[in-house]
1. Semi-axes of the equivalent ellipsoid of segment 97-163: what are they in whole Å, largest first, if each equals the square root of 5 times a C-alpha gyration tensor eigenvalue?
2. Quick one: helix 148-159 against the long Cα principal axis of the chain, what's the angle to the nearest 10°, folded into 0 to 90?
3. Of all DSSP beta bridges located in the chain, what percent are antiparallel, nearest 5?
4. Sum up the charges of everything whose Cβ sits under 14 Å from the Cβ of R53, counting Lys and Arg as +1 and Asp and Glu as -1, but leave R53 out.
5. Distance in nm between label sites at A268 and V241, each 7 Å beyond Cα in the beta-carbon direction?
6. Provide the packing ranking of 42-48, 164-170, 96-102, i.e. peptides ordered by the mean count of other C-beta atoms within 10 Å per residue, highest first.
7. Student exercise: in the chain, how many lysine pairs 8 or more apart or on different chains have Cα atoms under 15 Å apart?
8. Based on alpha-carbon positions alone, could you give the equivalent ellipsoid semi-axes of segment 26-85 from the gyration tensor, as √(5λ), descending, whole Å?
Amino acid sequence: MNAPQTQPLISVRSLAKGFDGRTVLDGINLDVMPGEIMVIMGGSGSGKSTLLRHMIGALAPDEGSVTLFGQNLADLDDEGLNRIRKKFGILFQSGALFQSMTIAENVALPLQEHTTLDQNIINIQVKIKLELVGLREHADKYPAQISGGMKKRAGLARALALDPRILFYDEPSAGLDPVTSAGIDRLIIDLTKKLGVTSVVVTHEMDSAFAIADRMAMLDKGRMIVVADRSWFEELRGHDVGDLTEEQALVRQFIRGDADGPITRRRAATNYEDDLLGAPDVPRLAPGPSIESTRIVK
């Protein structure tokens, strides 16, 4: 019997990134193990999408490193990055399908671009991938002719085209009704188990996160607050807030969706009037209207 793999497929170490002098990621550490579903969550502007872009090699770190399959992405040239990218697939938030192509043609494209397979073999592969996501009967339709949930599934079939070892999902449930969202969640779980892939899911949808995650990572204002098993977050969700640390209370508020807590207190801490009128770099408005009315009042 083979021993379980203990080396991470993805390793993020001391990752830092800033844009225009603003820190977006601040010393992020994260390991993703083979065969697991890792959910990365956080509020808008927390840095989760920026972290995902580093994992797929779309952004280069200012500091730190991102390693996939034992290779530091920063050490790879374009050819090396392309070899790595063939080992993972991405489901974009919008599905990112080519509108002028049928669903089957969208799924076939990676196989045509990155393999030397005969077209007959490609056609078989496309049918297999569409069957995995329940869309084989819709192969000849165009993206405009299918629903939002079906577009997500078609995008997933395309992400599976090259038999990746890792699947990245960017907000897979965004814009979907609860029933369709639950169907996508089940599909993520089924594909992870059936194909043995490792899944990284970026989301702020807590119902989906708790339905699919093996482990969960919480980002807040560019910092990694906690990485733990789903059971830890489930216990925290039902925990009384009284004896929690500030960071634990913040995580609890986010995963419960409570109106009151550290997140809302932090937002309320900024004085609105001072922000508008008192800050030295905010120009004060001159008294009176800046544009004279042309209306004649009799």
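We did not get these values from a lab; they are worked out from the coordinates using the rules stated. Predicted model, so just to flag it, every value in this text is computed and none were measured. Don't worry about glycine lacking a Cβ; one is built from the backbone with ideal geometry, like all the others, and counts go over all protein chains shown.
1. Largest first, segment 97-163 gives 18, 11, 10 Å.
2. Around 60 degrees separate the two axes.
3. Of the beta bridges lying entirely in the chain, close to 55 percent run antiparallel.
4. 0
5. In this crude label model, A268 to V241 measures out at 1.0 nm.
6. Top of the packing list down: 164-170, 42-48, 96-102.
7. Number of lysine pairs found: 9.
8. After diagonalising the Cα gyration tensor, the semi-axes are 20, 15, 11 Å.
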